[in-house]
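Below: the structure, in structure tokens.
Read-outs throughout are calculated quantities, based only on the coordinates presented, and are distinct from any laboratory measurement. All figures in this text were calculated on a predicted structure; none of them were measured in a lab. Here the Cβ is made from the backbone with ideal geometry for all residues, glycine too, and neighbour counts use every protein chain on show.
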């Protein structure tokens, strides 16, 4: 699955995606609390990578974070800028971030690494580590399964991970896990996990 394939798939469904998921009120309260706990109340810039409609970037900013949203989908960036005119939203890719080494205090990748084929994950996590200052926190939201496997996501092919295996990849990239949140699936949602980890000094 290439970045361009993911971009085209989300661009084609942007309006529908925004309607379904475009506000922080549509995010589970436990997830929002997790984001506040790990990405607010600290000095320095925070990147929301794969920010989509910009709702979580806005949520972080509303709680004091110096957050900037980044996404590869122009339709999402246009919506985010219109819906949240005081925010900062950039068109760009998490595979090649236009920021200096060790320059950010936090990274949010909420469901935005799920479309990476497993062999590509380490390269993206290495890019996160490049831009993360010592002690910076990364928070990632993923789908969970008993083994690493592709599945038919409603937009484009995605991958589920055992949380321990995903945390091992984070550790390999230079991040130390500090908390995880796991929510079982139900009739409408797949099993999900959030992992927070800190960049080594």
Review point. Taking Cα pairs under 8 Å and at least six residues apart, what relative contact order does region 1-155 come out at, in percent?
Key: 23 percent
Review point. So what is Rg over Rh here for the chain, counting just Cα atoms and using Kirkwood for Rh?
Key: 0.92
Exercise for review: Could you sort 46-53, 145-152 so that the peptide with the highest average Cβ count within 10 Å comes first and the rest follow in order?
Suggested key: 46-53, 145-152
Review point. How would you order 69-76, 58-65 from highest to lowest mean count of nearby Cβ atoms within 10 Å?
Key: 69-76, 58-65
Review point. By DSSP, what percent of the beta bridges with both residues in region 36-194 are antiparallel, rounded to the nearest 5?
Key: 30 percent
Exercise for review: Compute the relative contact order of region 61-124 as a whole-number percentage, counting only Cα pairs closer than 8 Å that sit 6 or more residues apart in sequence.
Suggested key: 28 percent
Check your understanding: Ranked from highest to lowest mean number of other Cβ atoms within 10 Å per residue, what is the order of the peptides 97-110, 28-41?
Key -> 97-110, 28-41
